[in-house]
Amino acid sequence: MTRILAVDDSKTMRCMLQATLVDAGFEVDLAEDGVNGLEKLKNTDPDLIITDINMPRLDGFGFIAGVREGKQVTAVPILVLTTETGEHLKQRARDAGATGWIVKPFDEDKLISIIRRLVV
Amino acid sequence: MNDLNDMFFQECDDLLEGLSSGLNNLEDGGGDAETVNSMFRAVHSIKGGAGAFGLNQLVGFAHALENVLDDVRAGKLTADETVVALLFTAGDHLSDLVDAARHGNDLPPEQGASILSDLKSVSGATHSGSEPGGDAAKEEPPAFEPMALTVDGGLPALADMLSPVESEPLTITFKAHPQLYANGHDPALLFRGLEGLGNLTVEADLSTVVPLRDAPWSTPSLSWKITIRPDDLVDEAAVREIFEFVEGLCDLEIGAETAPPPGDADSVPALAAPSPSAAPGQATQAVAAKNAPAARSSTIRVDLQRVDRLINLVGELVIAEAMLRQSMDEMPHSANTGVDDAMSQLKQLSGAIQERVMAIRAQPVRSLFQRMSRIVRETSKEAGKSARLVTIGDATEVDKTVTERLVDPLTHMIRNAIDHGLETPEQRRAAGKDERGTVTLEAAHRSGRVVITLRDDGVGINRARVRQIAQHKGLIRPEDDLTDTDIDNILFRPGFSTVDAVSNLSGRGVGMDVVRNEIQSLGGRVTLQSEPGAGTSVTISLPLTLAVLEGMVVRVADQTLIVPTSPLREMLQPGQARIHTLCDGDRVLALNDELVPITDLGAALGYRADPVSLDLQFLLLIEGDSGHRSALAVDTIAEQREVVIKGLEQNYESIPGIAAATILGNGKIALIVDTDQMIPVPGKGSAVNRPVPGVTGDALHA
Amino acid sequence: MHENEKDSKSVNRVEIVCFTVEKQDFCVEIAHVLEIRGWTSTTALPHAPDYVVGMMNLRGTVLPVVDLSLRLGFGKTEAGERHVIIIAQIDEKVVGFLVDAVSDIITVDEAEMQAPPDVLSARTQAFIRGIHTVDDDLVRAIDVRAVLPQGDRVDA
């Protein structure tokens, strides 16, 4: 089963993601910020990660960079899910190692189709 | 979806609280980078959630506010007084928008229009291109920065890209950069995605593959040539969408079959790709830097009803324990000390459980105080005063019910303080004071009670004027000898208002008497001190818990009643007291040099007519918040004990003279006397109107 | 007749608890009824209207008991062992109704409820939502919200 780690500091957003992803048949782990996300990664090996950018303690950029640093060879796809549309922020995220970018509020079908495109 | 909705608004409340506390920090000059950051995140999260629920008005406003905070965060904008004031106003409006959205409404757009335009003009310079709202969010933004593309021959014009191609076969040449793999992409998956769009052939170009021993692992050397014959309704844009996330991470060329053979692509030299280790290196620093703020304490959200059910059960436990003790006391003395020991252990345990359970309901007064800062801002604006709120002891914990029910009284008190207490900036300057008045809200735990004090540094109470008005309104007689405290306390009398033309602000048809009633219904006391020229302070003292109370069990007119012990000063046996009958028939107790009015509890509560003689009665001397004393006549005094408070209003309504009810060890209900209402106020009879016994009415059918 | 009704198209089937007050039949919807208890003594309330008998303790909940007879304009009930208290929840409030006896729980069609006849006294009328016909007997449906003690505190 495809396992997804969703990282967002908003509980509402976490729950929406969880509902959407579980409905689509994914297994979902949740984390509430970058630090928590990196902790979760010690014990889980997701097939894909979805992360917010603006988060306390460790933001999305730092989190992605942290993931990439940890696992270089089998790079897990990381989708950034955020309300930010600024180009420079996207560039930063990609520089940090983000795989893709989805703008909130997300369209459920689109999110799922993108995920399916990114996981084996 | 409803649950999510609820969750969102609950989260909004927390976020707004965070925003507000950040603003206070900022105002006090204490805001560091993380303060602004967390404020930004709060607004950002509200915007994100609001977008998900299609709350476009909220999204739009949050976006504008977020931009300003972003500028402050980035150092493009200094959080000076004007900006902070704007942020406060905007925070208030955001809170209003959330409230409106919670009830499924939008606010009339003109309501926030000026704030919105202020926000926009403040952040205008840096965010001119960025439009708020769901519209912006719905637009599919171009994927990654197009400038980063390294494609030979350049990209087709955007118009060409988007125009549908009539099922023409497309040729795609694709060569991945190392970063593509590092970012979690997999060419095979891209091809699989293409497969869904039409008939596909993929050829790998092996010519560029270097011998294995020379192969640098980080530099992929394969390139592919893909030919796709798209299905109906699939155009080049759809194909491009597959590559959306890899643009800039690969050499990519998409063209019609008829285009010149893209052999050139093969010869693109391996780019000096960014070293994959560069980004993680930066990240390490980021992790270290961002780890600094302290970890949050771990909490769970529990439905308040669950807590209340638990509290009720514990209340039952305490009652059951009392019943057990009572029936044991009635048993012939068995000299069984084991049972006695177990009983006292049980009592201790149930007491400890009760205490812990009540602590669950306790919450810091912070959010209450923060709500008040808004009242201060709004009222001072309306009243043309300048005021700031200083809060002390935000972390003091109070029962949740208390914080909720303090909102209205505190709001009213603050309006009073600013409207009547504080002078205008000009007057203050003339008096040698800071032009800006200070309202201080302080909470503290003091000897088993919670004490909340509201102070202002205004003019203080004009006692001469209060006296004059009170006389005019017939509340006092000219000859009444009143202390300063007595005069100050007139403010709590029903129907008293120091401003003749009821002020638009603090008037609103409520006086301090309403404040006092509300506090008293919480088992609290209000007192007031004032110093002319220096200010006024109102002190509210509340019981820590609303669940138990120490009381004296008494019997009056065949009824069992509880008199709380906290106002109790003295108890007098029958015959012990010197009782005088005044000319109007009222009886008073001579105590030292003071004459204390006597109230027969049975008569005050309408259980019986005033007894002819008080010779056989016990007297309970009580003292109210105002300092006035009264003696309650009762038939017998049974015992002193702790009782569990059961509200009457939940299933019935409030009863004059009665604070609440409790359940005795025998399962019977006893009423708890509201002693403050039993103390006559100077110039007036007992606070409780004495009904004529036996007469009843029915308002519905009267 | 109840069997026949099951085949009919009516959808407003409600269960009602029938009881007697002063030998007359009344009912309330079972949805309001939490339980039915034997008479227990109550604690008199000061300043309460006469029809509020007092407060009773229902497993730790303190709730008022209304003498329905007095409330409906009949005589005062001299409550004793044979009387029962219907514990009802109306919106947020839990209230006890002192009645003579509970007779039955039956299913009726809310749609067939008729307007109360004018023969009742004005006072009773105000508390009756309508009339159900049950086996040729007329059962009056109490308007539970109207009979609640409301704002008619006695203030001298």
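Read the figures in this text as sums done on the coordinates, not as results from a lab. Note that the structure is a prediction, hence the values are computed from the model and not measured. Neighbour counts are summed over all protein chains in view; Cβ atoms, including those assigned to glycine, are modelled from backbone coordinates with ideal geometry.
Peptide A:47-60 has a mean of 4 when you count, residue by residue, the C-beta atoms of other protein chains within 10 Å of its C-beta. The calculated FRET efficiency for residue C:122 paired with residue B:586, based on their beta-carbon distance and R0 = 51 Å, is about 0.75. Under 5 Å between amide hydrogens, built in the peptide plane, is the criterion, and for residue B:461 it picks out B:531 among residues at least 5 positions away or on other chains. Per-residue mean of foreign Cβ neighbours for B:661-674 is 4 (Cβ atoms of other chains, 10 Å radius).
A simple charge model with +1 on the Cβ of Lys and Arg, -1 on the Cβ of Asp and Glu and nothing else charged puts the dipole of segment B:2-127 at about 460 debye relative to its Cα centre. For residue B:492, no residue whose modelled amide H falls within less than 5 Å of its own remains once neighbours fewer than 5 places apart on the same chain are excluded. Peptides A:5-15, B:452-462, ordered by how many other C-beta atoms sit within 10 Å of their residues on average, highest first, read A:5-15, B:452-462. Computed from the C-beta positions of residue C:110 and residue B:309, the FRET efficiency with R₀ = 51 Å rounds to 0.95. Distances between placed amide hydrogens fall under 5 Å for residue B:391 paired with B:441, all partners being 5 or more residues away or on another chain. Once the Cβ-Cβ distance of residue B:323 and residue C:35 is raised to the sixth power relative to R0 = 30 Å, the FRET efficiency obtained is 0.90. Is the shape of segment C:7-63 rounded, prolate or oblate, going by the alpha carbon gyration tensor and its root eigenvalues a ≥ b ≥ c, with a/c under 1.5 for rounded and a/b larger than b/c for prolate? It is prolate, given that a/c is not under 1.5 and a/b is the larger ratio. From least to most packed, judged by other beta carbons within 10 angstrom and beginning with the fewest, C:51, B:181 follow the order B:181, C:51.
Listed cross-link partners B:381/B:646; B:385/B:473; A:90/B:175; A:40/B:120; A:40/A:110 are compared with a 31 Å cut-off, the Cα-Cα value being larger for B:381/B:646; A:40/B:120. The shape of segment B:365-543 comes out oblate: with a ≥ b ≥ c from the C-alpha gyration tensor, a/c is at least 1.5 while a/b does not beat b/c. Shape class of segment A:3-118 from the Cα gyration tensor (axes a ≥ b ≥ c, square roots of the eigenvalues): rounded, since a/c falls below 1.5. For a modelled paramagnetic label at residue B:316, 7 Å from Cα along Cα-to-Cβ, the residues of segment C:61-97 in reach, with backbone nitrogen under 16 Å, are C:61-63.
Evaluating 6.51 cos²θ - 1.76 cosθ + 1.60 at θ = phi - 60° for every residue in segment B:414-420, the Karplus couplings come out as 5, 4, 4, 4, 7, 5, 9 Hz, glycine and proline recorded as x.
Within 10 Å of the Cβ of each residue in B:36-45, the mean number of Cβ atoms contributed by other protein chains is 4.
Dividing the summed -39500 (n - 2.57) terms of all DSSP H runs of n ≥ 4 by the residue count of chain A sets its mean residue ellipticity at 222 nm at -14000 deg cm²/dmol.
The modelled label-to-label distance for the pair residue B:464/residue B:610, using points 7 Å beyond Cα in the direction of Cβ, is 3.9 nm.
In order along segment B:41-48, phi translates into HN-Hα couplings of 4, 4, 5, 4, 5, 4, 4, x Hz, rounded to whole numbers, per the Karplus curve 6.51 cos²θ - 1.76 cosθ + 1.60 with θ = phi - 60° and x for Gly and Pro. Highest average first, the peptides B:12-24, B:102-114 ordered by how many other beta carbon atoms sit within 10 Å of their residues are B:12-24, B:102-114.
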